[in-house]
Amino acid sequence: MSVDGTESVEDFRLRARRWLAGNLPPTSSGGFGRRTAGSDEEELAEVATERRWQRQLWDGRLAGICFPTGYGGLGLTPAHAAAFNEELVGYAYPWRLQVPTMTPCAAVILEFGTHEQKIAHLPAILRGEQLWMQFLSEPGSGSDVAGAQTTAVREGDEWIINGSKIWTTGAWWSDWGLCLARTNSDVPKHRGLTVFMLPIHQPGIEISRIEMLDGSKEFCQEFMTDVRVPDSARIGGVDDGWTVVTRWLFHERTYASSPLTIRPARGADGARGESGASLLSLAEQAGRRDDPRARELVGEAHALTVAVRELDRRVHAAIAAGTASDQLASVSRLMHGVVAAQLNTIAFDLAGPRAVAWGAPDEELGSRGISYLTRQMASIAGGTTEMARNVVSERVLGMPRERTLDRNIPFREVRNSSTARTDGRR
Ligand SMILES: Cc1cc2nc3c(=O)[nH]c(=O)nc-3n(C[C@H](O)[C@H](O)[C@H](O)COP(=O)(O)OP(=O)(O)OC[C@H]3O[C@@H](n4cnc5c(N)ncnc54)[C@H](O)[C@@H]3O)c2cc1C
């Protein structure tokens, strides 16, 4: 303990080390489970297990390391979170409960929620009782988040939501959604948006699962018809949703280094836990330990891992110190997308032929083939790397803004695919 009664980083580290050894199962996969789960029953069982692990962390006084104590957290520092993540290496952990539940969703509630909203949701999140998803992307607006067409119309103390969201990862096994909706079409697009919290499983929300080429069905599309939410579920001001979304996107872009999440410390891509060391073991499994080409690849992977980690640290430090704007987070977001694809390519190369045709004993090598095929995911999820390049050039470096046709005109006058259909113009 320090003089002010706070658990010191080293005491906390030792407590975490003891607890992890007695509570979470060891794993060699970086702690990150399969993206392409087997059957629905298997995936639901995995989600249930992760909820249980989160509850165990709560019971062991290790959940919500950097969340305020008043909302169920431990009120500790990013240094405590970093120590925990170092100890977490080699253990399975509740990875599905980290992103987007802890960040950006809980981060947004922490920043913009009322005291009542925080009390209602944050402790439940930390106990593993509430899994959250982001209802941001729509069939007609992904990169152009401010172009949302889902509407929320006020009726007394309630709002009635209609529209569709898409690409929501795991909505079918989640509990709550953070939803962006249009509440005013008479003002330019950024000024008529509002954010709401809503239970995902309720009358009026139909969840349709999207089957990918590899058979996985993690993505969902939601159709919302006259969904009623109380005004008390509104996050931030009416029509002021863009203020919330700006910070929401910041939390999303920095998810891989957020102190609100836990993840094994080695991870460069924030997800699979890739590192020079884990790729070295992959090269060994593939019988290529002495292969000069493999050595080069492992070295490159290690350098990329270190560079991204240090970049994250510096970007976080500059934003926290106020010497850089939140927009600098796009530099981190861009590098994570680029490096994740490169690490997956390196892993595929190292794994060799058994990454494309594998038998049961080679499952680890075979999974590298799947990761290679889906390597661009990290360049799309959380906003594309193209959009990150735009932000870096325009907002960080001050280059001329991209030309847009919808600035400063009421949203209802903006031409989009639906207006083009109804007014007969092309
Ligand atoms: C693994 C994964 C998980 C996801 N999870 C969620 C989720 O939980 N919730 C959610 O709401 N969404 C989620 N998404 C959706 C994701 O946010 C969108 O796919 C992404 O923002 C891009 O939007 P879009 O697919 O509509 O593509 P579009 O916006 O139609 O873009 C198509 C292409 O055009 C490029 N482009 C568009 N505009 C510009 C521009 N101005 N300048 C340069 N290039 C441009 C894009 O970069 C992209 O390459 C997820 C996506 C993935 C891959």
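Just a few scattered comments:
- If you go through segment 177-197 and keep only what is of a type in the set (A, V, I, L, M, F, W, C) and surrounded by 22 or more Cβ atoms within 10 Å (Cβ to Cβ), you end up with L178, C179, L180, A181, L193, V195, F196, M197.
- Of all residues in segment 400-414 being more than 16 Å from the ligand (Cβ to nearest atom) and open to solvent by 40 Å² or more (accessible area, probe 1.4 Å), the one that is modelled with the lowest pLDDT: N408
- Counting only residues that are within 16 Å of the ligand (Cβ to nearest atom), farther than 16 Å from T246 by Cβ and among the polar types (S, T, N, Q), segment 93-122 holds 2 of them.
- When segment 339-395 is limited to residues that are in a helix (DSSP H, G or I) and aromatic (F, W, Y), the one that is nearest to the ligand (Cβ to nearest atom) turns out to be Y372.
- Members of segment 219-233 that are in contact with a helix residue (DSSP H, G or I) (Cβ under 9 Å, 6 or more places away or on another chain), open to solvent by 10 Å² or more (accessible area, probe 1.4 Å) and either on the phi > 0 side of the Ramachandran plot or part of a strand (DSSP E or B) (or both): F219, Q221
Each row is one residue, and each column tells you yes or no for (1) over 30 Å from R389 (Cα atoms); (2) open to solvent by 10 Å² or more (accessible area, probe 1.4 Å); (3) assigned by TED's automatic domain parsing to the domain that holds A318.
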{"residue": "S330", "(1), (2), (3)": "no, no, yes"}
{"residue": "A341", "(1), (2), (3)": "no, yes, yes"}
{"residue": "A355", "(1), (2), (3)": "yes, no, yes"}
{"residue": "A360", "(1), (2), (3)": "yes, yes, yes"}
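- Residue check, L397 crowded, with 19+ Cβ neighbours inside 10 Å and of a type outside the set (K, R): no
- Qualifying residue in segment 130-139 (condition: within 8 Å of the ligand (Cβ to nearest atom), in contact with a helix residue (DSSP H, G or I) (Cβ under 6 Å, 6 or more places away or on another chain) and hydroxyl-bearing (S, T, Y)): no
- Pairs meeting the criteria (first residue in segment 283-308 and open to solvent by less than 70 Å² (accessible area, probe 1.4 Å), second residue assigned to a helix (DSSP H, G or I) and among the acidic types (D, E), beta carbons under 8 Å, at least 6 apart or on different chains) are L297/D349.
- Listed by first and then second residue, the pairs linking a residue in segment 117-141 that is within 16 Å of R96 (Cα to Cα) and open to solvent by 40 Å² or more (accessible area, probe 1.4 Å) to a residue that is within 16 Å of the ligand (Cβ to nearest atom) and part of a loop (DSSP other than H, G, I, E, B), with Cβ atoms under 6 Å apart and 6 or more places separating them unless they lie on different chains, form an empty list.
- Residues of segment 193-218 that turn out to be touching a Ser or Thr at 6+ places or on another chain (Cβ under 6 Å), at pLDDT 95 or above and on the phi < 0 side of the Ramachandran plot, as a count: 2
- Filter pass, T169 being within 13 Å of the ligand (Cβ to nearest atom) and open to solvent by 20 Å² or more (accessible area, probe 1.4 Å): yes
- Near pairs, Cβ below 6 angstrom, 6+ apart or cross-chain, from segment 388-412 (over 29 Å from T151 (Cα atoms)) to any residue that is exposed (fewer than 15 other Cβ atoms within 10 Å of the Cβ) and at pLDDT 95 or above: S393/M399
The values are calculated or read from the model by the stated rules, or taken from the named source; none is laboratory data. This structure is a prediction, so every number in the text was calculated from the model and none was measured. So basically every Cβ, Gly included, is an ideal-geometry build from the backbone, and we count neighbours across all protein chains shown. The area values use the complete protein model at the heavy-atom level, side chains included, leaving out ligands, DNA and RNA. Shrake-Rupley method; radii C 1.70, N 1.55, O 1.52, S 1.80 Å.
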